[in-house]
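Each remark here refers to the structure printed beneath this line.
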Amino acid sequence: MTAETATAAETGAAAAGTWTLGDLVVNRLGFGAMRLAQNGEALAADAAPSDRGRAVEVLRRAVELGVNHIDTAAFYFSRLRSANELINRALAPYPDDLVIATKVGPGRDPAGEWLPHATPRQLRGQVEENLRQLGRDHLDVVNLRIVGADSIAERFGALAELREAGLIRHLGLSNVRPHHLAEARAIAPVVCVQNMYGIGASAGQEEFLRTCGEQGVAFVPFYSIAGTGRTAGAIAGDSDEVRTIARARGVSPAQIRLAWTLHQGPHVLAIPGTGCPGHLAENVAAGALRLSGAELAALDSLGDGTSA
């Protein structure tokens, strides 16, 4: 191994370690495609489309840096761009080790306005739309995203049937509560849970993260960098503790947030998203950061809901 290769291995996505989604091994530092299709606030119906060439560059560079887990959805689109189609253009034919996870449940009409959550019958159409856009004959991981506390048995059961039919390899959940995980696991195996989580998480969020680890289910936080800014990005100011640790380390607050997230357990994955090559490199480099016990304690002490 050359010095250059060794450096890449130490600082690339592989530096964060790996986790297995079912039978698919992924580096714990992945990439979220939500921001690829447009500039400005993510998923806004009137947002300007992203630069196609730059988006393709970011995706290809992510794979070069060792990212082999990409999170996407058919509803990640702008007036002229679709995240799935950008992924297809940039990366097909896909590397053998690349795992693409997508989400179904919500929908958007051609104008970008949100639609009610899909019925079990409509979920098949959403799965097939993801297949068409990505140019694949099966999907690696499909997460059922929901809102609310109602039963998911009928909807998750519909996806389990598509898994049995070979259209889906593995199933996951998004934006769910602990009872949803139990309900889903009684129907079919669940390989991951995607929930909002970050520094300042609530006691309930912390407990659910631990529950997933005990059951061998990957926990995949979203908004771990953006915090309360959510889809608009990290608009909330970082705490003094985050800024102090970042300055001492010579890194950005976003990198500290990502490093803290990855320290929460070997089953915790990260899927930071960006349309900027520079931010991509910073995000991936965060996988190599090892926080000290004192640093972790300072960040853990930020309290319930500080900037989840």
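The values are calculated or read from the model by the stated rules, or taken from the named source; none is laboratory data. Keep in mind that this is a model prediction, so the values were computed, not measured. Ideal geometry is used to build each Cβ from the backbone, glycine not excepted, and the neighbour counts take in all protein chains shown.
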Sort through Leu91, Leu144, Leu80 and tell me the only one that's touching a residue at least 24 places away in the same chain (Cβ under 8 Å), under 21 Å from the mean Cα position of the chain (by Cα) and within 29 Å of Ala48 (Cβ to Cβ).
Leu91
Can you pull out the residues in segment 66-94 that are surrounded by fewer than 22 Cβ atoms within 10 Å (Cβ to Cβ) and either in a loop (DSSP other than H, G, I, E, B) or not small (Gly, Ala, Ser) (or both)?
Gly66, Arg79, Leu80, Arg81, Glu85, Asn88, Arg89, Leu91, Ala92, Pro93, Tyr94
Report, by residue number, each residue of segment 279-303 that is within 15 Å of Ala15 (Cβ to Cβ) and in contact with a Phe, Trp or Tyr (Cβ under 7 Å, 6 or more places away or on another chain).
Leu291
State which residue is surrounded by the most Cβ atoms within 10 Å (Cβ to Cβ) when the search covers only segment 125-162 and only residues that are β-branched (Val, Ile, Thr) and in contact with a strand residue (DSSP E or B) (Cβ under 8 Å, 6 or more places away or on another chain).
Val142
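Residues are listed down the side, and each one gets a yes or a no for (1) touching a Cys at 6+ places or on another chain (Cβ under 7 Å); (2) modelled with pLDDT of 95 or more; (3) surrounded by fewer than 16 Cβ atoms within 10 Å (Cβ to Cβ):
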| site | (1), (2), (3) |
| --- | --- |
| Arg210 | no, yes, yes |
| Gly227 | no, no, no |
| Ala234 | no, no, no |
| Pro266 | no, yes, yes |
| Gly305 | no, no, yes |
Determine whether Gly112 is in contact (Cβ under 8 Å) with a residue 40 or more places away in the chain, surrounded by 12 or more Cβ atoms within 10 Å (Cβ to Cβ) and farther than 25 Å from His69 by Cβ.
yes
Which of (1) in contact with a Lys or Arg (Cβ under 9 Å, 6 or more places away or on another chain); (2) basic (Lys, Arg); (3) in contact (Cβ under 8 Å) with a residue 60 or more places away in the chain is the odd one out, the single condition Arg61 does not satisfy?
(1)
Starting from residues that are at pLDDT 95 or above and assigned to a loop (DSSP other than H, G, I, E, B), keep the ones in segment 274-303 and report whichever is farthest from the chain's Cα centre (by Cα).
Ser292
Conditions (1) closer than 19 Å to Gly172 by Cβ; (2) touching a helix residue (DSSP H, G or I) at 6+ places or on another chain (Cβ under 6 Å); (3) of a type outside the set (Phe, Trp, Tyr): number failed by Leu86
(1)
Residue by residue through segment 95-109, note down the ones that are loosely packed, with under 14 Cβ neighbours inside 10 Å and either assigned to a helix (DSSP H, G or I) or touching a helix residue (DSSP H, G or I) at 6+ places or on another chain (Cβ under 7 Å) (or both).
Pro95
Report yes if some residue within segment 167-185 is assigned to a loop (DSSP other than H, G, I, E, B), surrounded by fewer than 19 Cβ atoms within 10 Å (Cβ to Cβ) and more than 22 Å from the chain's Cα centre (by Cα); otherwise report no.
no
Considering residues that are part of a loop (DSSP other than H, G, I, E, B) and under 17 Å from the mean Cα position of the chain (by Cα), the number found within segment 188-200 is 5
